[in-house]
Amino acid sequence: MKKRFVSIITIVILIFAVVSPVAAFDGGGQLDTNITLGGRQWFTDNFSGLLGLTEKATGWFRTPLPFGTLSLEGGWTFNMNYGFVWPLTLLDAQVFSMRNTLDINLVKYNLPIKIKDFALDLNFGRFPLADITGMIFNQSIDGLYASIPFSVFTASAGIGYTGLLNAKTTSVYGIEVTPSASSVYAFAPGYVAVLANASAPSLIGGQSFDAEVNMFFNCNTVSASDHRSRSYISIGARGPVIPLLYYDAAFSFGFALGSENKIGVMGKAGISFFPDFLASTLSINTLFATKNFLPFTDLPLSTDGRIGCSDVLKLGAAASMKPTDKWLISAEFALLYASEEGTASFGLNVLQANLDAKIQMYSDLCIVVSNGLVIPVNSTSVTYYTGSVRAQLSF
């Protein structure tokens, strides 16, 4: 079934590639070079490090077709990693690995329909979607999504499938899938998704409100499957408090139903201040999730990827500014409270800091420097540092 679906998608893309040159089209791409250095347990005898080089080529294409618009985006990534311990010696068992990844994250046909005062926006194919919290479901999906604007709110609904995505670029929280190092594409765990959202922007005094129901029915056969279907009911609100001060809040009930049911809650809130100084932003934010809350997309909260959006409390502060038109500097500090591994004890787990700088050297060339540091505060966490220098060339 999956092979047949992939074959159909390939044929459709080839047909569009032949037809589109006779129509107006737009396209471009990006070359991305990223050098990373990271390591755990620095300044100890158990130190282990990783030096990595990633080369990524991404292309996008958009063209009008009868009644709508076709958009495509995909890329090829080459990754080379060298694992080591310190001090380096010829007798150490160093680890060297290479892998290639094909990622097609957008194959969308957009079809707007308008009959008198009735407007409907349809999207078919593969496209990115995110829930109102941004932490439960945030990835591409294959399927159909429709939006209908009304006088005071917009209603959206869709149905899709996750099992044709690449498991090397998309992961489900709590399910471990280990693709072969030699493969460029491996199928992700399969879920049928049913999504519904109602959004009322600037409803009262500039305040916006959202309500959402997302359901994911488990139909995957991977050996690591937890055999649970997942559902979420979420509400959110955002808007101004006073001039230059804005808030954003969301709350969600999560249901993971199967042989062992899990029901939990997750909430997040933040306040952002936009002073009239160097295009700056100052914010404080918090997020909590109970032990039995299982998000869908695996989106780690900790810099070392160890702590996810379950059984956690995060207290954070962030700031950004543009000293010049070509510079953007941002920093974030956070305390993460979580359970100690193998115990029932819940408490302060790590203090982490992230510092990023983006330099727009030319209109089509930018340099991004990122640094992340995790400072352990209990026996189950270890020191972790990662840094990277990335050059992005757009064309």
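Miscellaneous remarks
- Looking only at residues in the range 95-122 that are polar (S, T, N, Q) and within 30 Å of Gly49 (Cβ to Cβ), the one that is surrounded by the most Cβ atoms within 10 Å (Cβ to Cβ) is Thr101.
- Top-ranked residue in the range 318-329 [being more than 14 Å from Phe277 (Cβ to Cβ) and crowded, with 16+ Cβ neighbours inside 10 Å; ranked as nearest to the chain's Cα centre (by Cα)]: Ala318
- Breaking point among (1) more than 28 Å from Thr77 (Cβ to Cβ); (2) touching a Lys or Arg at 6+ places or on another chain (Cβ under 9 Å), for Cys366: (1)
- Of all the listed residues (Asp298, Asp311), the sole one being surrounded by 14 or more Cβ atoms within 10 Å (Cβ to Cβ), acidic (Asp, Glu) and within 30 Å of Ile367 (Cα to Cα) is Asp298.
- Meets criteria (surrounded by fewer than 18 Cβ atoms within 10 Å (Cβ to Cβ) and modelled with pLDDT of 90 or more) for Val172: no
- Hey, Leu373 in contact (Cβ under 8 Å) with a residue 60 or more places away in the chain and assigned to a strand (DSSP E or B) or not: yes
- Tyr246 being over 23 Å from the mean Cα position of the chain (by Cα) and part of a strand (DSSP E or B): yes
- Residue within the range 356-365 that is in a loop (DSSP other than H, G, I, E, B) and either of a type in the set (S, T, N, Q) or modelled with pLDDT of 95 or more (or both) present: yes
- Any chance Pro295 is part of a loop (DSSP other than H, G, I, E, B) and either charged (D, E, K, R) or more than 17 Å from Val172 (Cβ to Cβ) (or both): no
- In the range 123-137, the residues that are buried (at least 16 other Cβ atoms within 10 Å of the Cβ), of a type outside the set (D, E, K, R) and at negative phi: Asn123, Phe124, Phe127, Leu129, Ile132, Thr133, Met135, Ile136, Phe137
- Test: residue in the range 220-227 that is among the β-branched types (Val, Ile, Thr), without any contact (Cβ under 8 Å) to a residue 40 or more places away in the chain and surrounded by fewer than 16 Cβ atoms within 10 Å (Cβ to Cβ): yes
- Residues (in contact with a Lys or Arg (Cβ under 8 Å, 6 or more places away or on another chain) and surrounded by 17 or more Cβ atoms within 10 Å (Cβ to Cβ)) located in the range 330-349: Ala334, Leu336, Tyr337, Ser339
- In the range 327-355, residue nearest to Asp304 (Cα to Cα) [restricted to those that are assigned to a strand (DSSP E or B), out of contact with any Ser or Thr (no Cβ under 6 Å at 6 or more places or on another chain) and small (Gly, Ala, Ser)]: Ala353
The values are calculated or read from the model by the stated rules, or taken from the named source; none is laboratory data. Predicted model only: the values in this text are computed from it and were never measured. As a convention, Cβ positions derive from the backbone with ideal geometry for all residues, glycine included, and neighbour counts pool all protein chains shown.
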